[in-house]
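Q: Shown below is the structure under consideration.
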Amino acid sequence: MTVMNGNPTIPAPVNDPILTYAPGTLERAELQAELEVQSTTVVDIPLVIGGEEIRTGNTRNVVMPHAHSHVLATVHQAGTKEIGQAVSAAAGAHHEWSTTHWEDRAAIFLRAADLLAGPWRQKLNAATMLGQSKTAFQAEIDSACEIIDFFRFGAHFAERIYGMQPLSEAGVWNRAEYRALEGFIYAVTPFNFTAIGANLSGTPAMMGNTVVWKPGRTSMLSNYYVLKLLEEAGLPAGVINFVAGDAGLITSELLTQKELAGVHFTGSTAVFNSFWKTIGGNIGEYGSYPRIVGETGGKNFIVVHPSAELNAVKTAIVRGAFEYQGQKCSAASRAYVPASLWKDLEGPLIEETESLTMGDPRDFTNFMNAVIDQKAYDKITSYIDEAKKSNEAEVIAGGTYDDSEGWFIRPTIIQTKKPDYISMCDEIFGPVISIFVYDDGDWAKTLQLVDATSPYALTGAVFAKDIRAIREACDTLRNSAGNFYINDKPTGAVVGQQPFGGGRASGTNDKAGSIMNLLRWVSARSIKETFVPPLDYRYPFMDDE
Ligand code: NAD
């Protein structure tokens, strides 16, 4: 390819505006039409390796979580042979892609962002709504806005990275080259955000890497459309290889490849820990040290000071804990409320929780839909059953569930007098929040409790009007959350505004979608050029007096 003489700049990114889907809007009509199409089609999802669609004939169904007898797609599963082909395809595409000029790579992602902002928007949103059981709004902020933002801000951050150049003293020109990593990146993504699939596979690719992408088992339809979107935008064959199948098999094959250059993971802590262990055990076998980036579990808190505004707390709990059925990594799942506020909050909070509408996402009046699968349903309901039996906890709202048509669990509030009751500590990943009511005088002690109760440190929020209380919470909870909110719910981070990620058992905190994350996917080469090289090895100090 010929090189362009010029230093083009990436258009300044702005966050994609969230469409409302209010009655009468064009976007609502377009989305409803697309929902109808996707509800009456069964998609056959192949593996996509080296740009080839591969159908192994060994398939799994993708169903609607809210109507689990409805099959949306069948997905071909990779075996050892196809996994090997994906590694070869990534290797085969590496040289040309990693040496393609960065602005040509960026252009593909900017084009994908514009396609998604326009003609592809409702395809991705409808697939996310039907396959992952999200409301129109939850899909819009995920599979439209966040992916668009990841791609547009990503291109902007890439430009900044490539622009980071060293000083040069007289007679010398120092340069930095930000090379792609040598080998392939293994991107492993969860079910809960289509945008995470796009980001974890797309961002390393934008920086010149080639990728083997294993999407979550229950987000295959939307994730497949992400790949098709990138193909439509011009992504060359072999740059991102889409491999569905048994997670354990794919992972054990890929993590032991000499060419493994990095892992870009989001999912649960236990799975990430097992990846790290395997890589550690295999460390002498790789061509280079694999970069390991993982965003994992959370036990996100809301801590309320007696000076807080009651209705703001109520709204933050309802939205923070129950939107998308509590299946956001950032979802609030434990709250600490002072006794003085609880006496006025309890009734309205229960009433509002019981009033939340739940059902099929195609009915736009629903605030909530179903949880993702039977395994999640069984796990979440076991915590509810446990609380019902326990004399240390009480279910004060919700607590009912029904999986006859879809995996539906009513939004549930557990109140406990035991601050380390199991539901205050474990990540449940469903529409369940646990509440501990503390004596008003115990503010400082409660902050310590928030910090020490869970091994995670993803998101958290403080509600207070008293500025000293806010300052104290910021200080005591410095390491308790990677995303910390003041008088706002702990969910809803926006690319470019609140870079997302947590520490402790919540991950490596490389901040998805930020320049910090992009830096993990390049390996810098320092180049020094001396204009007039010395011709004599002797230094002046060696001269005769
Ligand atoms: P998960 O850990 O079950 O799956 C994540 C990915 O790992 C999937 O692709 C899955 O197929 C794969 N996987 C599962 N078991 C595996 C195994 N034994 N070996 C190899 N791969 C395996 O997580 P999930 O249910 O898809 O998503 C929910 C989890 O993700 C929650 O713990 C949530 O907190 C976390 N999450 C974190 C963030 C964050 O930014 N910190 C964001 C989203 C989700």
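The values are calculated or read from the model by the stated rules, or taken from the named source; none is laboratory data. Everything numeric in this text was worked out from a predicted model, so none of it was measured. Cβ: placed from backbone, ideal geometry, glycine included. Neighbour counts: every protein chain shown.
Q: Which pairs turn up if I take residues in segment 496-523 that are not assigned by TED's automatic domain parsing to the domain that holds S98 and look for partners that are part of a strand (DSSP E or B) and among the polar types (S, T, N, Q) with beta carbon separation below 7 Å, at least 6 apart in sequence or on another chain?
A: Q498/N483; F500/N483; G502/T459; G502/N483
Q: Now, a different point. Quick one: E53 ticks every box in (1) without any contact (Cβ under 8 Å) to a residue 60 or more places away in the chain; (2) among the acidic types (D, E); (3) within 25 Å of I372 (Cβ to Cβ) except a single one, so which number is it?
A: Here E53 meets the rest and fails (3).
Q: Regarding E472, is this residue surrounded by fewer than 11 Cβ atoms within 10 Å (Cβ to Cβ), more than 15 Å from the ligand (Cβ to nearest atom) and either without any contact (Cβ under 8 Å) to a residue 40 or more places away in the chain or closer than 24 Å to N300 by Cβ (or both)?
A: Here the answer is no, as E472 does not meet what is asked.
Q: Identify, from the list S390, S382, S340, the residue that is polar (S, T, N, Q) and under 30 Å from the mean Cα position of the chain (by Cα).
A: S382
Q: Hey, another quick one. Out of segment 435-459, which residues are touching a helix residue (DSSP H, G or I) at 6+ places or on another chain (Cβ under 7 Å) and either within 16 Å of the ligand (Cβ to nearest atom) or modelled with pLDDT under 95 (or both)?
A: S454
Q: Considering only segment 89-146, state which residues are of a type in the set (A, V, I, L, M) and either more than 24 Å from the chain's Cα centre (by Cα) or not assigned by TED's automatic domain parsing to the domain that holds V43 (or both).
A: A89, A91, A93
Q: K328 - would you say it is within 14 Å of the ligand (Cβ to nearest atom), out of contact with any Asp or Glu (no Cβ under 8 Å at 6 or more places or on another chain) and among the basic types (K, R)?
A: Yes.
Q: Could you list, ordered by first residue, the pairs with Cβ atoms under 6 Å in which the first is in segment 204-231 and touching a residue at least 12 places away in the same chain (Cβ under 8 Å) and assigned by TED's automatic domain parsing to the domain that holds P290 and the second is away from the ligand (no atom under 13 Å from the Cβ) and in a loop (DSSP other than H, G, I, E, B), at least 6 apart or interchain?
A: Listed pairs, sorted by first residue: P204/W521; A205/V239; M207/W521; N209/L181; N209/W521; T210/V239; L229/W120.
Q: Being in contact with a helix residue (DSSP H, G or I) (Cβ under 6 Å, 6 or more places away or on another chain) and farther than 24 Å from N125 by Cα narrows it down to one residue among P361, P419; which is it?
A: P419
Q: Regarding H156, is this residue outside the structural domain of F367 (by TED's automatic domain parsing) and farther than 23 Å from D16 by Cα?
A: In short, no.
Condition check ((1) in a strand (DSSP E or B); (2) modelled with pLDDT under 95; (3) more than 9 Å from the ligand (Cβ to nearest atom); (4) buried (at least 17 other Cβ atoms within 10 Å of the Cβ)) across all residues:
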position: N223; (1), (2), (3), (4): no, no, yes, yes
position: A261; (1), (2), (3), (4): yes, no, yes, yes
position: V271; (1), (2), (3), (4): no, no, no, yes
position: K277; (1), (2), (3), (4): no, no, yes, no
position: S288; (1), (2), (3), (4): no, no, yes, no
position: G297; (1), (2), (3), (4): no, no, no, yes
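Q: Is it the case, given these coordinates, that L477 is touching a residue at least 60 places away in the same chain (Cβ under 8 Å) and in the same structural domain as T400 (by TED's automatic domain parsing)?
A: yes
Q: When you look at P190, is it assigned to a loop (DSSP other than H, G, I, E, B), in contact with a helix residue (DSSP H, G or I) (Cβ under 7 Å, 6 or more places away or on another chain) and within 16 Å of the ligand (Cβ to nearest atom), yes or no?
A: Yes; evaluated as a whole, the condition is true for this residue.
Q: Still on this structure: Can you work out which of the residues in segment 243-259 that are of a type in the set (A, V, I, L, M) and crowded, with 18+ Cβ neighbours inside 10 Å is nearest to the ligand (Cβ to nearest atom)?
A: Per the stated criteria, the residue is I250.
Q: Please state which one of D426, D420 is surrounded by fewer than 21 Cβ atoms within 10 Å (Cβ to Cβ), under 21 Å from A387 (Cβ atoms) and either within 14 Å of the ligand (Cβ to nearest atom) or among the small types (G, A, S) (or both).
A: Just a single option satisfies the conditions, and that option is D426.
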